[in-house]
Every structure is written in structure tokens, then in C-alpha cells.
Amino acid sequence: MFNNIMKFIHTLPTRWLYSLLAFGLLSVSGCSTPPEYKVIGKTTHSTTCQVSAALCIESHVFRVVDYEKDEMLITYDSSKPAEVADDILKKYRLRAKRSDNLDSVKTTMITAATNGQDPMDLVAVIKKQETEVDASTSNFYTTANVSGNDLYPMSMTGVTAARARTGSSGAGVTIGMIDTPVDMNYSDSLQAAIERINLVASGDERNRLHGTEVAGVMVSNNPRIGIAPQSRLVAISAFSTNPANPDQRRSNSGLVARALEIAMDQGVDVLNLSFAGKSDPLVDKLVQAAVQRGIVVVASAGNEGPGAQPAYPAAIPGVIAVTAVDRNRQVFGRANRGSYIGLAAPGVGILTTAPRGSFQVSSGTSLATAHVSGVAALLLAANRANFSPNLLYQTATDLGTPGHDGDYGHGLVNVERALASIGVR
């Protein structure tokens, strides 16, 4: 019955669909916030027009608003004088909110208020008319986890055996994470070497949940939770509650760009990015700079389902894109698919830390990503000279279709094989 209803809905003209939404006759449910749209023009239904001009149906043309509505980014070569940006701000009636130097990519970034103007329209005009600066919308990213309730042990990937063999749990390695704020105030299991750098307010417990969960998987002292508890964690908070959906944590490309620059300045060895969005020119450039510096960058494949577009920054070349599997090594049903998937890791029914010293069972590619980041820290601590991201692909346990595939990538991360490959037995 449900499938028949959905098939019918997909046959409706766009203007009818939006009328149903507007009058509350059709609702959109799920963990993701329904996208916001802007009317940018009108069109006619070409098929009916071919039959008779009298039958032409005029409908609106919509554009997805998946960016900050009153904010944009102006970037330019850091060697150029600040007056370059000042002239652009004045010409296009923009107001500078802050300025940041992104030294890793020799770029100055101005976060500007658009004073009611549509950022997408401004970007198109500035890109066409200006040569001294570049412009982009401040695009949204969201964290990648959902609830779950199916516990299973970390030994699935050989973490327990690896610790016993090496006698180390990531000592001497610095992991960076860009996420929500981390709650350590009441937790004995998160009293590791964690340095918190807040770009957003800590907010309430819900706002701190995702970052606390991800941090727990990587460095919790609880032996059932943390992969690399002796590692130093630099926790940079850039995500906070989406006002339109209290259950979603969201950031934008300006905040993420600042956080990436801070992570590189901190000299991280591993960078955990448990979030997903679309390709963004500035964020992509900074992630590529991190990869070129030799940082192991690990990112979530995304939880938008098999038909979703590739998620970024996971789809950037050189980034380890991680999907989630359950205790039976089956891919998480809501995980993205595609040729960019690099590895699979436990991500369904994961016990981890939560605010106020409590614990949470969660699922999603965010937690699988944290698992791989912790594994990378273990291997770096064991033999930094012989470790490379490709090692994780070469030693993974093949799942699904033989060889690399769009569901599991190269397969389930295998710590014991990886250790043997770098000479640790």
C-alpha cells in the first residue's frame, strides 16, 4: 500500500506536490530535515503544450537552499592587500562578519553577511564579474549518526588482539576531530588527553551528544569503547543544533574551513571527519592540503541511503571514506553507496560515551569512521615509518562482491593483518 502511494506521489506535477506540502496533506518524515526550496522562476509542462496551448500548465521552478541564507564566503590570495576584499564588500553591499587566514592554502576567507540578498545569486555575479576574489555559498554539513540497539564487541576488527600484541593504545599519536562540542565534565571514561577548541557554544546535552559519542569510540578509557585511549585528541567543535531540526547537528563551510586550518596548525596525525555534505571548493581544497601533508584523513560515507549522491569530504581523493556494518558484517541499510567508499567498520549498535558520564548505543557511518581513525592511531603508534592509508585497503577483509565494490569498499578493516604487514607480530 505504502509503495503504491509513493509511486502515485512521484507522478504528481511539482506544483501539486508543493501544494500538498503547503496545506499539510503530505508530510515528510525521517531523521533528515526536509530541504528548503526557493522559487527561482516559472516554466510550462512541455508535453501538454505540445498537444494544445490551452492545456499548458505553468509551474514554479525551485532551487534547494542547502546553504546559509544570509551569509557567503569571499576568498582571495593572502598575498593580496585587504583592500581587494573591502572593495568587493562595498560594491555588493556585503558586511564582513569575520576574517580568517587559511595559511595551509595561502587564502584569506571573509565570512560576509549578504543583507537579505540571496547568496547563490551573488556568487554567480561575483564569479562572472570579479577576478581578484572568489565567492561561494556557506554550504551545510551534517553529522552522520542515528540511533541503534545491537551491541557487539570491538574484537570484530582485531582491536583487542592488537592492543595485547603491541602493548600500546595509540601513544604518541594526535587525532583531530571536527564535530560538536565534547562533554567531559562528568565522565571518568573521557579523562584522556583531550584538548577542546570551541568554535561554537557548548550548548545543551543534545548539542554535545554526537561529538561525545565519536570521541568515545576513539579515545575512551573504557576497554569496551575506546580504540586508542592513549592518543591525544584535539576536539574542534564546529557543529551545533540545526534550528529547523533539533535532532540534527549542522555546520557550514566557513566554520569547517576554520576548523580544518586549526587541525593542521595543531599537527594532527589523523583527522576524523564524521560528517557529510556536498562538494565545497574551499573545504575540499583544505582537505586536500591535509592529505598532501601526510595527515590520515578519515570521513563518513554518509547515511542518506543507497541512492544518494557521493558525500563530501569522504569522496575527495586521498580521503578514507568509511561505511558502517553490523555484527553480521552486513552493510548499514542507510549508508551511502558508491565507488568512493574505501573501507567498512563496525557502525551499528555501538556502545559509546554520552554527556553527563552516561553511555549511549548509536549507529551510523560517524561511528564507523571513528573506529577507523582509532585503528589508524594504533598502527601509527606501532610503526609510523611503515604505515600508509593504502595499508588499510590492502589488508582489509573482503566483503560483498569480490574486490573493491560500492557497498563495502575494500572490505572490513582488519587490524591484525595490518600489523603483520608492517612487521608487528
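The values are calculated or read from the model by the stated rules, or taken from the named source; none is laboratory data. Here the structure is a predicted model, which is why all the values come from computation and not from measurement. Here Cβ is always computed from backbone atoms with ideal geometry, including for glycine, and neighbour counts include all displayed protein chains. Heavy atoms of the whole protein, side chains included, go into the accessibility calculation; ligands, DNA and RNA do not. Shrake-Rupley method; radii C 1.70, N 1.55, O 1.52, S 1.80 Å.
Just to confirm a number: summing +1 for Lys and Arg and -1 for Asp and Glu over residues other than Lys285 whose beta-carbon lies under 15 angstrom from that of Lys285, what do you get? Net of charged neighbours comes to -3.
On a 1.4 Å probe surface of the protein chains, which of Val361, Val270 comes out largest in accessible area, and what is the full order?
Greatest to least solvent exposure: Val361, Val270.
Computed with a 1.4 Å probe over protein heavy atoms only, the accessible surface of region 276-381 comes to 30 Å² per residue.
On the protein heavy atoms, probe 1.4 angstrom, tell me the percent of accessible surface of region 66-116 carried by carbon and sulfur. So the carbon and sulfur contribution to the accessible surface is 44 percent. Across the protein chains, with a 1.4 Å probe defining accessible surface, the residues Glu213, Glu304, Glu132 rank Glu304, Glu132, Glu213 from largest area downward. For region 281-376, the carbon plus sulfur part of the accessible surface works out to 46%, probe radius 1.4 Å. Remark: region 172-250 carries 36 Å² of accessible area per residue (probe radius 1.4 Å; ligands, DNA and RNA excluded).
Heavy-atom surface analysis with a 1.4 Å probe gives region 125-274 a carbon and sulfur content of 45 percent of its accessible area.
Karplus-based coupling profile of region 72-80, in residue order and whole Hz: 8, 10, 10, 10, 7, 4, 4, 6, 7, with θ = phi - 60° in 6.51 cos²θ - 1.76 cosθ + 1.60 and x standing for Gly or Pro.
Rounded to whole numbers, the Karplus 3J(HN,Hα) couplings from phi for region 224-237 are 8, 10, x, 7, 10, x, 8, 6, 7, 10, 9, 9, 9, 8 Hz, using 6.51 cos²θ - 1.76 cosθ + 1.60 with θ = phi - 60°, and x at Gly and Pro.
Rounded to the nearest Hz, the phi-derived 3J(HN,Hα) couplings of region 107-121 under the Karplus curve 6.51 cos²θ - 1.76 cosθ + 1.60 (θ = phi - 60°) are 9, 9, 10, 9, 8, 10, 7, 9, 6, x, 7, 6, x, 4, 5, where x marks glycine and proline.
Net charge around Gly302, counting only other residues with Cβ within less than 11 Å of its Cβ (Lys, Arg = +1; Asp, Glu = -1)?
+2
Between Asn198 and Asn383, the modelled labels are 4.3 nm apart [label points 7 Å from Cα along Cα→Cβ]. Separation of region 271-300 and region 330-399, taken as the distance between their Cα centroids, equals 16 angstrom.
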